[in-house]
Amino acid sequence: MLEKLYRDGFLDYSKLIIKYAKSLGLNAEEAFILIKILDNYLKFNTLSLESLQEEVLITSNKMDKTLANLM
């Protein structure tokens with residue numbers, strides 16, 4: 001059900017992530033990356049780390065570390 005709400009655009013995940021970032025154990029950078037991942041997945045139905053890295057303008061080392069923390 002949540003996935004359907006997400007895909008149909010009824011779930012404002014960015015507000016939820018920002019509001020509950022601390023409860024989710026996310027720092028600001030991780031929250032931002034997670035929002036961008038979800039945005040890109042809605043647009044392209046896939047995850048491209050290269051395009052994500054270009055969009056958020058962080059180093060690949062920092063991106064790898066942030067993605068590892070999110071996982």
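The values are calculated or read from the model by the stated rules, or taken from the named source; none is laboratory data. No experiment lies behind these values; they were computed from the predicted model shown. Every residue, glycine as well, gets a Cβ built from its backbone with ideal geometry; the counts of neighbours run over all protein chains shown. Accessible surface areas use protein heavy atoms only, side chains included; no ligands, DNA or RNA. Shrake-Rupley method; radii C 1.70, N 1.55, O 1.52, S 1.80 Å.
The table that follows gives values for the structure above.
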| item | result |
| --- | --- |
| Some residue of region 4-23 being open to solvent by less than 90 Å² (accessible area, probe 1.4 Å), touching a helix residue (DSSP H, G or I) at 6+ places or on another chain (Cβ under 9 Å) and among the charged types (D, E, K, R) | no |
| Options Asn45, Asn40: the member that is open to solvent by less than 40 Å² (accessible area, probe 1.4 Å) and within 22 Å of Tyr6 (Cβ to Cβ) | Asn40 |
| Candidate set from region 49-61 (those that are open to solvent by 90 Å² or more (accessible area, probe 1.4 Å) and not in a loop (DSSP other than H, G, I, E, B)); member that is farthest from Leu34 (Cα to Cα) | Asn61 |
| Selection from region 1-16 of residues that are modelled with pLDDT under 90 and part of a helix (DSSP H, G or I) | Leu2, Glu3, Lys4, Leu5, Tyr6, Arg7 |
